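The values are calculated or read from the model by the stated rules, or taken from the named source; none is laboratory data. All of these numbers come straight from a predicted model, not from anything done at the bench. Please note: Cβ atoms are built from the backbone with ideal geometry, for glycine as well, and neighbour counts cover all protein chains shown. The area values use the complete protein model at the heavy-atom level, side chains included, leaving out ligands, DNA and RNA. Shrake-Rupley method; radii C 1.70, N 1.55, O 1.52, S 1.80 Å.
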Amino acid sequence: MKNLTWRYPPLVPLVLGLGVLTAACTTTSRGMVSDRPVPQGIGPAPANDLLAAAVRIAGPVLDKGKEEKRNYRHELALEALLELGAVTGEGACRERVLKRAAALGLQPGTRVPWSWTPDLDVPGTPAYQSELFGCFSYALYRATDDRKWVLSFVSETERVKRVSLRSPEGASLAPRGELAGHGPTMLLDAIQEYAARMARTGAMTGDRSFNIEAARQIQLYRDLLRDPKTGLWSQGRHWLPDQPEALSPGAWSRGHGWLMRGLIASLEVLPKDSQEFVQMRNHLQELADALLPLQKPDGTWHALLHRPASESSADTSGTAMIATGLSRAWREGWLEDVKYVEAAQRSFAVLPSYVAANGDVRSASPGPGPLVSEANYLGTVFPPRNPHGTYSVLFAAAEAARLSKHVGHQLKAAAICGAPVP
């Protein structure tokens, strides 16, 4: 494996995002001091209500039995609990997530592939154990400062960058999965994690070529999938069996939440003075400006963003992911106008009403989005217990707590993960 040059102190990735308020100014996660005024409408209630909802959600996540196999939805929920533990200071979250990781067969040093590629040969590693949409091993590294969690991270990124299948334009392609059709595809859910992985590897090694690849892929996807009239992005390309070059129909709220997640994760580690940082920030600004007018008065975004809100249900997963990104970007100064964080706050205020007493999250749209047809998303009420709602609302709770602390509010004590592991 390539020798790593660790450009950041080991714990910096974990601290990123935990802004604290001083008497006269705001300190951002990058250590910069900002004199921006605190929005008047940012109160503690949404964060405290979301933390109470997170308590209800966390129990079922942590109590999964041996029958729960590794999958990205469950691992994203565990990652969100790590973030909640970091912002609330609750050490039990890390302890219980580490115990859950061990039950899933993950230990420091475990090699986990990004996804299947033509040269992939990892003996003893089932195909489902991949990090196509999230990177649990990287989250565990951030939470523990144990580099063994990412021993294979750089080599795997190098491999994927080298052998990933590409479109004629050069866009990285993802495996098709179970849907009908031929060959790999363009997919928003996957490219966001690909870009984040590239940027993180650039930060770990000091090799700018990874940063350039991250920015280049987002630019390619923007050029190919974004509607210049609405500013919204199609979910992908190559999904329609009879029209291989056609874009997937419509624009999906959770797809835009995925995209925002990847942009935020990339900006977190890209050098601020780099061309790649500026390019990614411009994409984020453009995306946020397209999404803001589509937020409903109650704080939600509906599933099919390109259609009138009356034609599809509110999507708690898309709402939570978009709001998390807007709030984080405002705290960091990547989005400066208070309108972005005010939109996020409206979402944070409404999300607890979608969490049942038993922790079920209602109205999260099913996957995989309108890749082939919009039919399953038109005029329907989405059923509860969709795992995409679980992790997205947990991430929103963590960000709402950070935002509340950032503007100087005290959080109510909440035992998110219960007692420490014996």
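Excluding residues fewer than 8 places away in the same chain, name every one of the aspartates and glutamates whose C-alpha is closer than 12 Å to that of K412.
Result set, ordered by chain and number: D49.
Suppose a student asked you for the relative contact order of segment 278-422, using Cα pairs under 8 Å spaced at least 6 residues apart; what percent would you report?
Values: 189 pairs, mean separation 36.8, N = 145.
Value for segment 278-422: 25 percent.
Could you compute how much accessible surface R331 exposes when probed at 1.4 Å, giving the result in Å² to the nearest 10?
The accessible area of R331 comes to roughly 10 Å².
Rounded if a/c is under 1.5, else prolate if a/b beats b/c, else oblate: with a ≥ b ≥ c from the C-alpha gyration tensor eigenvalues square-rooted, which is segment 276-422?
Oblate is the answer for segment 276-422, as a/c is 1.5 or above yet b/c matches or exceeds a/b.
Which lysines have a Cα lying under 16 Å from the Cα of K339, excluding residues fewer than 8 positions away in the same chain?
Correct list for K339: K296.
Run the simple label-point estimate for Q107 and N71 please: 7 Å along Cα→C-beta, distance reported in nm.
2.6 nm
Would you grab the residues whose amide H sits under 5 Å from the one on H302? Only those 5+ places off in sequence or on another chain, please, with H modelled 1.01 Å from N.
K296, D315
Could I have the simple spin-label model distance between R162 and D146, label points 7 Å from Cα toward Cβ, reported in nm to one decimal?
About 2.9 nm, to one decimal.
Please compute the net charge surrounding S234, taking Lys and Arg as +1 and Asp and Glu as -1 over other residues with Cβ under 10 Å from its Cβ.
Around S234, the surrounding residues sum to +1.
Report the relative contact order of segment 203-298, percent, no decimals, based on alpha-carbon pairs under 8 angstrom and at least 6 residues apart. Could you put the intermediate results ahead of the total?
Details: 77 pairs, mean separation 22.9, N = 96.
Rounded, it is 24 percent for segment 203-298.
Please give the length that would be gained between Q219 and R176 if that part of the chain were fully extended, namely 0.36 nm times their separation in residues minus their C-alpha to C-alpha distance (nm, one decimal). It would help to have the intermediate numbers written out before the result.
Details: separation 43, 0.36 × 43 = 15.48 nm, distance 2.17 nm.
Using 0.36 nm per residue and subtracting the Cα-Cα distance, I get 13.3 nm.
Can you give the accessible area of H409 in Å² (nearest 10), computed on protein heavy atoms with a 1.4 Å probe?
60 Å²
Over what distance in Å are the Cα centres of segment 239-304 and segment 356-409 separated?
Result: 16 Å between the Cα centres.
List the lysines whose Cα sits under 26 Å from the Cα of K64, skipping any in the same chain fewer than 8 residues away.
Correct list for K64: K99, K148.
Describe numerically, in nm with one decimal, the distance between label points set 7 Å from Cα along Cα→Cβ at A413 and at N376.
Placing both labels 7 Å beyond Cα along the Cβ direction yields 4.5 nm.
Summing +1 for each Lys or Arg and -1 for each Asp or Glu, what net charge is found among the other residues whose Cβ lies under 15 Å from the Cβ of Q275?
Its environment carries a net charge of +1.
To the nearest 10 square angstrom, how much accessible area does K99 have with a 1.4 angstrom probe?
Rounded to the nearest 10, that gives 120 Å².
Would you kindly state how much longer the chain becomes between R307 and N282 on full extension, computed as 0.36 nm times their sequence separation minus their alpha carbon distance, in nm to one decimal? Let's see the in-between values first.
Working: separation 25, 0.36 × 25 = 9.00 nm, distance 2.53 nm.
Difference between extended and current length: 6.5 nm.
Amide H of S365 versus every other amide H placed in the peptide plane: which residues, excluding those fewer than 5 positions away on the same chain, fall under 5 Å?
T316, S317, G318
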